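Some notes on the structure that comes next.
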Amino acid sequence: MAEPLVVFDNVVKRFGTFEAVKRMNFEIREGEFLAFMGPSGCGKTTTLRMLAGLEQPTEGDIRLAGKSLLDVKPHERDTPMVWQSLALFPFLNARENVEFGLKMRGMDKPARRRKALDWLERLGIGEFAERDVNSLSGGQRQRVALARALVTEPKILLLDEPLSALDAHLVIRMQGVLTKLQRELGITFVYVTHSQSEAFAMADRVVIMSKGEIAQIGSARDIYRTPASRFVAEFVGRNNIFAGTVNAAGNVETPAGTFTLDGKARPGDKVSFVVAADVVSLSVTKPAAPNVFTAQLISEEFVGSMVTLFFEAPGDTEVKVQVQERSLEGIPREPGQTLFLSFDPSHAHILKG
Amino acid sequence: MKDDKLLRWVLALYTALVFLFVFAPIAASLVFSFNSDRFPTIPLGSFTTDWYVKAFSNPEVWDAALRSLIVSSVTAVIATAIGFSAAYSDYRYDFVGKKAFLVLALLPPTIPLIILALAMLGWLSMFNASGLTLSIIIAHTVLCAPFAMAVIRLRLNQMDPNLEPAAWNLGASEWVTMKSVVIPFTLPSIIASLCLTAAVSFDEFAVAWFVSGLNKTVPVVILEILTGNIDPQVNAIGTAVFLVSITLVVIAQVLVLRSAKKPEAA
């Protein structure tokens, strides 16, 4: 087990009376791609800024490679950041922007020039080296910002919603660029985003934050399949949440129906459980399966070849079903249509709290 | 559509009238500065450059011009330095009484010049500092610093608040960041401020007249020539002064507008 690169030890950050970060404890492993995700105001950016030294923790300690960062000024930390606004220096051209960090380290002119050009080349924008940064496209500026942060070969790179200003198709391409770079360089990426698709697509581990606290840390798969709380389940979306009381037989009685969870619930408990939208089956006739219930189709939504159907089950329970378009052949899809829905007990995940 | 066209014509005409109203006296002064007649009447006499020759062979005018040049350039540098510091404090820091600080910092140009001039004279004589070239510089700096601050503040407000942190993040200390990020970013407004404050100081009469004593600046000399008699020399000097000021102001305007057009670091 490698020594963690970064340790947050009981870190609290207050702005006046507002507690932006509430007693955080976590570790960042060397070489991992860690994403912080949460709604705006959840403290994810504050966490990143504390790592860069732009905010000081009110309590607790942050250690980088075993050394406390509390008395280290931002310019003495080697924690380069890619900013949401990019924050390129508008009075410098692309190459000069990339050279900035090397210049601050006292590298001589020819050496830093060569290195900056190498990095611009590596990111596929070598031909724009002498261009004014304001004349570059969003994607090109993004690459300049990346090159500027990586040129000093840091151990860790911080990224604050770097793709939020880009068009959807560029986001996908930049995601590819980022994951490839991270793998090739083997350095730690700490990525802050409100976008689930970005976090899930790139990160080894995702930290879900809510109101200044860590709601869950885990792989994208863990968080999607086994959310730790109702908040995580709702935030991640694509989940159906059922709530009810466990009867004497160990089945959960909910307004939508009575479901068996393979004995995962104790009689008498009030429980909530989630069933992911892509594990719910649909049929016109009642199937011979456990956990069947009926629901009325409300609307549908297409994303590529996938379609999400929105149902209403008894007791105002909203149910989402995500399937391949092709698998819907022979199933009538007029709004108001009542269909049979079912899921396997092994796919139900009980929420704590 | 038709109304639109009419409105455009009316607005164009109105703008032309405003410009005519503002520039006609200056244009007249320019025309009469080349007129051979002693009195500014129409029809004009013949073309002459005599008044320029006469004005510029007057040692008092040269003396005043040199003093005006020194006063305006020193004033421009000091006022811009003060204005930059005030604008940067406003941009970078939040502190108790910031509003009051801003109001006070921007106050001097709203005080009637005569009051400001009298107050300056009274205050400077308490330190036996009236009647010197230095007195004019001090008084003009007070008058000009708010203009400098306003111009530089405009530019600083366009600066991405993450630009400085980005420089720190890449290893630049706060002083190095000031030198290699804040000053290059605000450079157009610093030059604009230098031009603008130099122009204001170069033209300013009331304060200069009160505190200058025997150390006259160009506007003071003009008034002294005028009080004696009607002398077309004044037109010649006035035209020269106007050209200097308008050049400085145009440079300032171009720099401010050009840097405002580019949405930087978005």
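The values are calculated or read from the model by the stated rules, or taken from the named source; none is laboratory data. All values derive from a computational prediction rather than experimental measurement. Heads up, the Cβs are rebuilt from the backbone with ideal geometry, glycines too, and the neighbour counts pull from every protein chain shown.
Kindly indicate the residue of the range A:104-138 that is out of contact with any Asp or Glu (no Cβ under 8 Å at 6 or more places or on another chain) and within 10 Å of chain B (Cβ to nearest Cβ) and also nearest to A:Gln175 (Cα to Cα) among those meeting that condition.
By that ranking, first place goes to A:Val133.
Taking the range B:30-84, which residues are touching a residue at least 60 places away in the same chain (Cβ under 8 Å) and touching a strand residue (DSSP E or B) at 6+ places or on another chain (Cβ under 9 Å)?
B:Asn35, B:Trp51
Considering (1) closer than 26 Å to B:Leu143 by Cβ; (2) more than 13 Å from chain A (Cβ to nearest Cβ); (3) in contact with a helix residue (DSSP H, G or I) (Cβ under 7 Å, 6 or more places away or on another chain), say which one B:Gln233 fails and leave the rest.
With respect to (1) closer than 26 Å to B:Leu143 by Cβ; (2) more than 13 Å from chain A (Cβ to nearest Cβ); (3) in contact with a helix residue (DSSP H, G or I) (Cβ under 7 Å, 6 or more places away or on another chain), B:Gln233 is out only on (1).
Report yes if some residue within the range B:77-95 is crowded, with 19+ Cβ neighbours inside 10 Å, modelled with pLDDT under 90 and in contact with a helix residue (DSSP H, G or I) (Cβ under 6 Å, 6 or more places away or on another chain); otherwise report no.
Within the range B:77-95 (the criterion being crowded, with 19+ Cβ neighbours inside 10 Å, modelled with pLDDT under 90 and in contact with a helix residue (DSSP H, G or I) (Cβ under 6 Å, 6 or more places away or on another chain)), the answer is no, since none of the residues qualifies.
From the list A:Ala228, A:Ala243, A:Ala249, pick out the single residue that is surrounded by fewer than 21 Cβ atoms within 10 Å (Cβ to Cβ) and in a strand (DSSP E or B).
Numbers: A:Ala228 fails: in a strand (DSSP E or B); A:Ala249 fails: in a strand (DSSP E or B).
Just a single option satisfies the conditions, and that option is A:Ala243.
Could you please let me know if A:Thr79 is within 8 Å of chain B (Cβ to nearest Cβ) and hydroxyl-bearing (Ser, Thr, Tyr)? First the steps, then the outcome.
Working: within 8 Å of chain B (Cβ to nearest Cβ): yes; hydroxyl-bearing (Ser, Thr, Tyr): yes.
Yes: the conditions hold for A:Thr79.
Please list, ordered by first then second residue, the pairs with beta carbon atoms under 9 Å, 6 or more apart or interchain, first in the range A:319-333 and of a type in the set (Gly, Ala, Ser), second assigned to a helix (DSSP H, G or I).
Close Cβ pairs (under 9 Å, with a partner that is assigned to a helix (DSSP H, G or I)) do not exist here.
Name the residues in the range A:31-63 that are more than 19 Å from the chain's Cα centre (by Cα) and away from chain B (no Cβ under 14 Å), would you?
The answer is A:Pro57, A:Thr58, A:Glu59, A:Gly60, A:Asp61, A:Ile62, A:Arg63.
For the list (1) of a type in the set (Gly, Ala, Ser); (2) within 28 Å of A:Val133 (Cα to Cα); (3) surrounded by 21 or more Cβ atoms within 10 Å (Cβ to Cβ); (4) under 24 Å from the mean Cα position of the chain (by Cα), I need the number of the one condition that B:Ala150 fails.
With respect to (1) of a type in the set (Gly, Ala, Ser); (2) within 28 Å of A:Val133 (Cα to Cα); (3) surrounded by 21 or more Cβ atoms within 10 Å (Cβ to Cβ); (4) under 24 Å from the mean Cα position of the chain (by Cα), B:Ala150 is out only on (3).
State whether one or more residues within the range B:210-232 are touching a residue at least 40 places away in the same chain (Cβ under 8 Å), in contact with a Lys or Arg (Cβ under 8 Å, 6 or more places away or on another chain) and small (Gly, Ala, Ser).
No, the range B:210-232 has no match at all.
Against the condition buried (at least 16 other Cβ atoms within 10 Å of the Cβ), within 23 Å of the chain's Cα centre (by Cα) and not in a helix (DSSP H, G or I), how does B:Ser68 come out, does it pass?
On the way: buried (at least 16 other Cβ atoms within 10 Å of the Cβ): yes; within 23 Å of the chain's Cα centre (by Cα): yes; not in a helix (DSSP H, G or I): no.
So B:Ser68 does not fit the description; no.
Name, by its number, the condition in (1) within 12 Å of chain A (Cβ to nearest Cβ); (2) over 18 Å from B:Ala81 (Cα atoms) that does not hold for B:Val220.
(1)
Here are the criteria: (1) in contact (Cβ under 8 Å) with a residue 24 or more places away in the chain; (2) under 16 Å from A:Leu185 (Cα atoms). Tell me which single one A:Glu121 does not satisfy.
Unmet for A:Glu121, out of (1) in contact (Cβ under 8 Å) with a residue 24 or more places away in the chain; (2) under 16 Å from A:Leu185 (Cα atoms): (1).
Looking for something in contact with a Gly (Cβ under 7 Å, 6 or more places away or on another chain) and either within 9 Å of another protein chain (Cβ to nearest Cβ) or closer than 25 Å to A:Glu3 by Cβ (or both) - is there at least one such residue anywhere in the range A:94-103?
The first filter runs over the range A:94-103 and keeps only residues in contact with a Gly (Cβ under 7 Å, 6 or more places away or on another chain), leaving A:101.
With the extra rule that they be either within 9 Å of another protein chain (Cβ to nearest Cβ) or closer than 25 Å to A:Glu3 by Cβ (or both), the set shrinks to A:101.
The answer is yes, given that some residue of the range A:94-103 is in contact with a Gly (Cβ under 7 Å, 6 or more places away or on another chain) and either within 9 Å of another protein chain (Cβ to nearest Cβ) or closer than 25 Å to A:Glu3 by Cβ (or both).
What number of residues within the range B:158-180 are in contact with an Asp or Glu (Cβ under 9 Å, 6 or more places away or on another chain) and surrounded by fewer than 17 Cβ atoms within 10 Å (Cβ to Cβ)?
3
Part of a helix (DSSP H, G or I), under 25 Å from the mean Cα position of the chain (by Cα) and of a type in the set (Phe, Trp, Tyr) - does that describe any residue in the range B:42-51?
Looking for residues that are part of a helix (DSSP H, G or I), under 25 Å from the mean Cα position of the chain (by Cα) and of a type in the set (Phe, Trp, Tyr), one finds none in the range B:42-51, hence no.
Can you pull out every residue in the range A:252-301 that is β-branched (Val, Ile, Thr) and loosely packed, with under 15 Cβ neighbours inside 10 Å? Show your work before the answer.
Keep residues of the range A:252-301 that are β-branched (Val, Ile, Thr), which gives A:252, A:254, A:258, A:260, A:271, A:274-275, A:279-280, A:284-285, A:292, A:294, A:298.
A:Thr258, A:Val284, A:Thr285, A:Thr294, A:Ile298, listed by residue number.
Going through A:Thr47, A:Thr79 one at a time, which residue ends up being surrounded by 14 or more Cβ atoms within 10 Å (Cβ to Cβ), touching a Pro at 6+ places or on another chain (Cβ under 9 Å) and hydroxyl-bearing (Ser, Thr, Tyr)?
Working: A:Thr47 fails: touching a Pro at 6+ places or on another chain (Cβ under 9 Å).
Sole residue among the options that is surrounded by 14 or more Cβ atoms within 10 Å (Cβ to Cβ), touching a Pro at 6+ places or on another chain (Cβ under 9 Å) and hydroxyl-bearing (Ser, Thr, Tyr): A:Thr79.
State all residues of the range B:124-133 that are of a type outside the set (Val, Ile, Thr), assigned to a helix (DSSP H, G or I) and either surrounded by 15 or more Cβ atoms within 10 Å (Cβ to Cβ) or touching a residue at least 12 places away in the same chain (Cβ under 8 Å) (or both); if no residue qualifies, say none.
From the range B:124-133, those of a type outside the set (Val, Ile, Thr) are B:124-132; that's our starting set.
The next check asks that each one be assigned to a helix (DSSP H, G or I); those that pass are B:124-126.
Correct list: B:Leu124 only.
Taking only pairs six or more apart or across chains, which ones have beta-carbon atoms under 8 Å, a first residue in the range A:241-262 that is in contact (Cβ under 8 Å) with a residue 60 or more places away in the chain, and a second residue that is in a strand (DSSP E or B) and surrounded by fewer than 16 Cβ atoms within 10 Å (Cβ to Cβ)?
So the pair list comes out as A:Leu261/A:Ile350.
Those residues that are without any contact (Cβ under 8 Å) to a residue 60 or more places away in the chain and part of a strand (DSSP E or B), I need them from the range A:1-12; list them, please. Walk me through how you get there before you give the answer.
First pass over the range A:1-12, keeping only residues without any contact (Cβ under 8 Å) to a residue 60 or more places away in the chain: A:1-2, A:4, A:7-12.
Across the range A:1-12, the qualifying residues are A:Val7, A:Phe8, A:Asp9, A:Asn10, A:Val11, A:Val12.
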